[in-house]
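Take a look at the structure set out below.
The values are calculated or read from the model by the stated rules, or taken from the named source; none is laboratory data. This one's a predicted model, so the numbers in the text were calculated from it and none came from an experiment. Counting neighbours? That spans all protein chains shown, and the Cβs are built from the backbone with ideal geometry, glycine included. What goes into the accessible areas is simple: the full protein's heavy atoms, side chains included, and nothing from ligands, DNA or RNA. Shrake-Rupley method; radii C 1.70, N 1.55, O 1.52, S 1.80 Å.
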Amino acid sequence: MKIGIAFNLKRQPKPDEPQDKYAEYDERTTIDAIKKALESGGHAVVLLEADENFVEKVKEEKPHFVFNIAEGISGPGRESYVPVVLDMLGIPYTGSNPLTLAITLDKGRTNEILRHHGIPVPDWWISYNADEVPNVKFPVIVKPNAEGSSKGIRNNSIAYNERQVKKIVRYVIETYNQPAIIQRYLTGREFTVSIIGNNPPRVLPIVEVTYDYLPKEMNRIDSYEVKWIWDSPNNPIDSIVCPAKIDKKLEESIKDVALRTYRALGCVDFCRIDMRLDEKNVPNVLDVNALPGLIPDPRENSRFPKAAYAAGYTYEKLINEILHHAIERVGKKHMAHNASFR
Ligand SMILES: Nc1ncnc2c1ncn2[C@@H]1O[C@H](COP(=O)(O)OP(=O)(O)O)[C@@H](O)[C@H]1O
Ligand SMILES: [Mg+2]
């Protein structure tokens, strides 16, 4: 098959741009590794950078299927842009549909759906204005409502009083041009759970994210500083444990929350769900990553591939299996329809 890879390439921010502007985007090495993996599966691969010329490129290349890792360019629907275009052109793709991608990018909306389904999430409030913050229970963490890769989550994003909340909400709204989500701060163990496939989806070995290596004065959160500065390939840190050392009961409850979350949000093919334990050891969902990072180098601690390696996958097998699940889901009928598009 001819497979297109839809992606956004990481660039160096210009001096006047925020340092984390391209944090969500992928390195050339990741795109090349996905290409190589798909080629090893016997496919012809074309690269489709998801910029403003994406529609024209797809129409010209006419891929049979697209492997989508594009985070999008701007706006709250940015992750949906590629699947919307592909749906319009009748080209099937890996991963969740535009609705699921738009919702999971919005932490407040995601929490509303999860709570409706009885899935534990820490209490949260959305703030549109730093002068009018809701009456919250401290301590809280303040995050941009619709970012990822720890953008806008700094070591000092935790607040213990109203003055601190207002200050962080102002920073988030002004820097990221969007509402802030204020959320009860859970200090329990943190896990991230990778799921692959459909009917039924499979939970890969659970990753625990640890912070023991951090100096005492730093908060135990996966802040921007921790994710991208403290833990780099030149300074590899043992920040993740996979499989997590947990008892059977906790493992079952983490898996149960992860699978219910996957289904409630309509995720398909693959996804990674971040969680933290509350004071009763109940796993609460913090974040749903319907386009999880797929950095191949194990030293980068990319969590989805790490979980897959722990389950015995190679990178090639992981990428081809995601594609395989998508093909199976889409079904032969759609593929036949797609043939006419060519
Ligand atoms: N409610 C919370 N309680 C405790 N820690 C949190 C909470 N929300 C986020 N964090 C910490 O911040 C990190 C990043 O938050 P997350 O919601 O996953 O954002 P992103 O979409 O940028 O990954 C989490 O991995 C966790 O360490
Ligand atoms: Mg996260």
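Residues of region 186-208 being within 12 Å of ligand 1 (Cβ to nearest atom), in a strand (DSSP E or B), touching a residue at least 60 places away in the same chain (Cβ under 8 Å) and in contact with an Asp or Glu (Cβ under 8 Å, 6 or more places away or on another chain), which ones?
Correct list: E190, F191, T192.
Tell me the residue from K137, K151 that is near ligand 1 (Cβ under 8 Å from one of its atoms) and either in contact with an Asp or Glu (Cβ under 8 Å, 6 or more places away or on another chain) or assigned by TED's automatic domain parsing to the domain that holds Y25 (or both), please.
K151
This table checks each residue for (1) open to solvent by less than 60 Å² (accessible area, probe 1.4 Å); (2) modelled with pLDDT under 90; (3) in the same structural domain as R28 (by TED's automatic domain parsing).
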{"residue": "P292", "(1), (2), (3)": "yes, no, no"}
{"residue": "S302", "(1), (2), (3)": "yes, no, no"}
{"residue": "P305", "(1), (2), (3)": "yes, no, no"}
{"residue": "E321", "(1), (2), (3)": "yes, no, yes"}
{"residue": "H324", "(1), (2), (3)": "no, no, yes"}
{"residue": "H334", "(1), (2), (3)": "no, yes, yes"}
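Please work out which residue is nearest to the chain's Cα centre (by Cα), limiting yourself to region 87-120 and to residues that are β-branched (V, I, T) and under 30 Å from I141 (Cβ atoms).
So, considering only residues that are β-branched (V, I, T) and under 30 Å from I141 (Cβ atoms), the one nearest to the chain's Cα centre (by Cα) is T104.
Could you list, in sequence order, all residues of region 242-290 that are among the β-branched types (V, I, T), within 16 Å of ligand 2 (Cβ to nearest atom) and in contact with a helix residue (DSSP H, G or I) (Cβ under 8 Å, 6 or more places away or on another chain)?
T261, I273, V285, V288
What is the residue count in region 7-52 for residues that are open to solvent by less than 40 Å² (accessible area, probe 1.4 Å), over 17 Å from G148 (Cβ atoms) and hydrophobic (A, V, I, L, M, F, W, C)?
Of the residues in region 7-52, 8 are open to solvent by less than 40 Å² (accessible area, probe 1.4 Å), over 17 Å from G148 (Cβ atoms) and hydrophobic (A, V, I, L, M, F, W, C).
Anything in region 295-336 that is of a type in the set (A, V, I, L, M, F, W, C), within 15 Å of ligand 2 (Cβ to nearest atom) and touching a helix residue (DSSP H, G or I) at 6+ places or on another chain (Cβ under 9 Å)? List them, or say none.
Within region 295-336, I295, F304 qualify.
Where the second residue is open to solvent by less than 40 Å² (accessible area, probe 1.4 Å) and assigned to a helix (DSSP H, G or I) and the first is in contact (Cβ under 8 Å) with a residue 60 or more places away in the chain and over 20 Å from V121 (Cα atoms) and lies in region 163-185, which pairs have Cβ atoms under 9 Å and are six or more apart or on separate chains?
Q178/V172
What pairs come out if I take residues in region 1-20 that are closer than 19 Å to E56 by Cβ and in a loop (DSSP other than H, G, I, E, B) and pair them with residues that are open to solvent by less than 60 Å² (accessible area, probe 1.4 Å) and of a type in the set (D, E, K, R) whose C-beta lies under 8 Å away, six or more apart or interchain?
From residues that are closer than 19 Å to E56 by Cβ and in a loop (DSSP other than H, G, I, E, B), the pairs are N8/E24; N8/D26; N8/E49; N8/D51; N8/E71.
Of the numbered conditions (1) assigned to a helix (DSSP H, G or I); (2) within 16 Å of ligand 2 (Cβ to nearest atom); (3) within 30 Å of L259 (Cα to Cα), S150 satisfies every one except a single condition; which is it?
In the conditions (1) assigned to a helix (DSSP H, G or I); (2) within 16 Å of ligand 2 (Cβ to nearest atom); (3) within 30 Å of L259 (Cα to Cα), S150 misses (1) alone.
Please tell me if E225 is open to solvent by 30 Å² or more (accessible area, probe 1.4 Å) and either within 18 Å of V285 (Cα to Cα) or assigned by TED's automatic domain parsing to the domain that holds P298 (or both).
Yes: the conditions hold for E225.
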